[in-house]
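Reading through the structure tokens given below for one structure.
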Amino acid sequence: KPQALESPPVMTAAREPLLVTVAPTMGTRFTFVTAGMATSVCWNQVMVNAGVWVSLFGKSAIAQAGMSQGIMSFVMMCFFTLLPRTLSYERQKCVAVAGFVGIAVVTVGLVAALAKHSVPQALFLASVAVNGLGTGISQNRCASISAEFPRAPGAFLLGEAFAPLFGAMLYLALRRSLDDIFAIAAVGLAISTAVVFAASAAVARLPAAPPSDEPPCPNLGSCLSDPGPNREYATKRIAELTGNAAVGFAACFIWVFLLCSSPYIAVGLCDHRHECTAGLPSLLVASSNVAAFGGRLLGLRMRAGRLSRLLIEMAVLVAAGLVAIRESARGVVHIGLPPVAFGTAMAAVVTLWSNFIVMRNDHIAQARCGHSVLAPCQVTSQIMWVALQGGAITGTIAAAAAW
């Protein structure tokens, strides 16, 4: 077999000199933790304040927002993943910073509108769409930049995992000190915007990376455009990862379907009681965010298992999750618990399980080419990103169609 099929030179030899010459400073790792958080911290605040958008635009608001944000993020992710030419390190930094600035600017506009208790629906959907563009850009480019530094991919992954927990904790803290849901959303988004600005400044100040000895092939498109062993490796990875992509797709589908269905779940569980119906969607999302962090953390500590077992587990989760969500929205399932207790518990279980599966699935995918989630193969990561984002978009579309 060609050497590229076993261990592609673009993912190993091209990166090894960088791991020797760039010092693994604490500041650099902290930069990537912050950058990982910043890619989705504003979006998490939008989601956790679901009650505001439902009160303004109706129960379909979360599904509409998820579709706008998800499609834009998916488009940008696919664009940079399939880009046939490799951007230089400095250009990647500039693109990542531009993505962060775009997220921050539209969020500032949303905060200003919330302060006036008047948010036009067009502004809301445009803001989350631009947020999706910025998320796709910053997430993809920062992940690529992190490959230039030792331990940075793990730091970036930690930041991404921490973002939902930060969003939930911030919302719950503001909920205890503020009564107005518009003020809670505005302050939460303002604090999240500060995190994004801090991340953009930190990424802009990253030290220069020394040139690699070989032309890098850090994304799927540049590998596929190379007629040599890199293309052979990329096509082999796509074929090998079909099962892993299906698991990732399904895990994100059921998770996002749950989040976008939260207003309908609230109506069913609360039996149309206004105070309960208005507050429960945000609590469901907050519970889900905390569980997402727990599921990712647990999954990160697991070793790679068997894909066949994971496929069966994923099928059980999707089937059980769909039944629980449907019956809750119909007001059928309570099992003797108060609506808030049952709803938050259900959201936590489905989310924790799906994120637990996602991380274990990543272990298996990376192990297949001799890498790990903390030192990933970029081609493998990008294939999995596309699968995850595709599942998320399908989840929003399904929620919009189901209710």
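Here are the numbers:
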{"quantity": "Sites matching trypsin sites (Lys or Arg not before Pro) across the stretch 38-120 that sit in DSSP coil, with at most 14 neighbouring C-beta atoms within 10 Å", "calculated": "Arg85, Lys116"}
{"quantity": "Shape category assigned to the stretch 292-339 from the gyration tensor of Cα positions, a/c cut at 1.5", "calculated": "oblate"}
{"quantity": "Projected-area average for the stretch 149-197 over all orientations - Cα convex hull basis, square nanometres", "calculated": "3.8 nm²"}
{"quantity": "More than 15 angstrom apart: percent of Cα pairs within the stretch 113-171", "calculated": "67 percent"}
{"quantity": "Rg over Rh [alpha-carbon atoms, Kirkwood Rh] for the stretch 276-403", "calculated": "1.02"}
{"quantity": "Alpha-carbon spread of the stretch 124-263, three principal axes, descending order, Å", "calculated": "62, 38, 29"}
{"quantity": "Relative contact order (%) - the chain, alpha-carbon pairs under 8 angstrom, separation at least six", "calculated": "27 percent"}
{"quantity": "Stretchable slack from Leu337 to Met169, in nm (0.36 nm times residue separation minus alpha-carbon distance)", "calculated": "58.1 nm"}
{"quantity": "Computed E for Ala112/Leu83 - FRET, C-beta separation, R0 22 angstrom, nearest 0.05", "calculated": "0.05"}
{"quantity": "Global geometry of the stretch 244-330, whether rounded, prolate or oblate, following the gyration tensor of its Cα atoms and the 1.5 cut on a/c", "calculated": "prolate"}
{"quantity": "Quarter of Cα convex hull surface for the stretch 61-203, i.e. mean projection, nm²", "calculated": "9.0 nm²"}
{"quantity": "Rough spin-label spacing in nm, given labels placed 7 Å along Cα→Cβ, for Val75 and Ser308", "calculated": "4.3 nm"}
{"quantity": "Approximate spin-label separation Ala401-Cys94, in nm, with each point projected 7 Å along Cα-to-Cβ", "calculated": "4.2 nm"}
{"quantity": "Top positive-direction residue, dipole computed over the stretch 163-270 with Cβ charges, set Gly221, Ala266, Ala246", "calculated": "Ala266"}
{"quantity": "Diffusion constant of the chain at 37 °C, which comes from Stokes-Einstein with the Kirkwood Cα-pair radius and 0.692 mPa s, µm²/s", "calculated": "154 µm²/s"}
{"quantity": "Nearest 10 degrees, 0 to 90: helix 229-240 Cα axis against the chain principal axis", "calculated": "30 degrees"}
{"quantity": "Ellipticity estimate at 222 nm from DSSP helix runs (n ≥ 4, -39,500 (n - 2.57)) divided over the chain, nearest 500", "calculated": "-26000 deg cm²/dmol"}
{"quantity": "Cβ-Cβ FRET estimate between Arg330 and His274, R0 fixed at 22 Å, reported to 0.05", "calculated": "0.70"}
{"quantity": "Highest to lowest packing among 138-145, 226-233, 173-180, scored as the average C-beta count within 10 Å", "calculated": "138-145, 226-233, 173-180"}
{"quantity": "Charge dipole magnitude, Cβ of K and R +1, D and E -1 - the stretch 52-193, Cα centre, debye nearest 20", "calculated": "100 debye"}
{"quantity": "Distance (nanometres) between label positions extended 7 Å along Cα→Cβ at Arg231 and Ala345", "calculated": "5.7 nm"}
{"quantity": "Acute angle (nearest 10 degrees) that the helix 274-300 long axis makes with the longest principal axis of the chain, alpha-carbon atoms", "calculated": "30 degrees"}
{"quantity": "Prolate/oblate/rounded call for the stretch 77-149, Cα gyration tensor, a/c under 1.5 rounded", "calculated": "prolate"}
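Readers should treat all values here as calculations from the given coordinates under stated rules, not as data from a laboratory. Quantities reported herein were computed from a predicted structural model and do not represent experimental measurements. With ideal geometry, Cβ positions are generated from the backbone for all residues, glycine too; neighbour counts draw on all protein chains shown.
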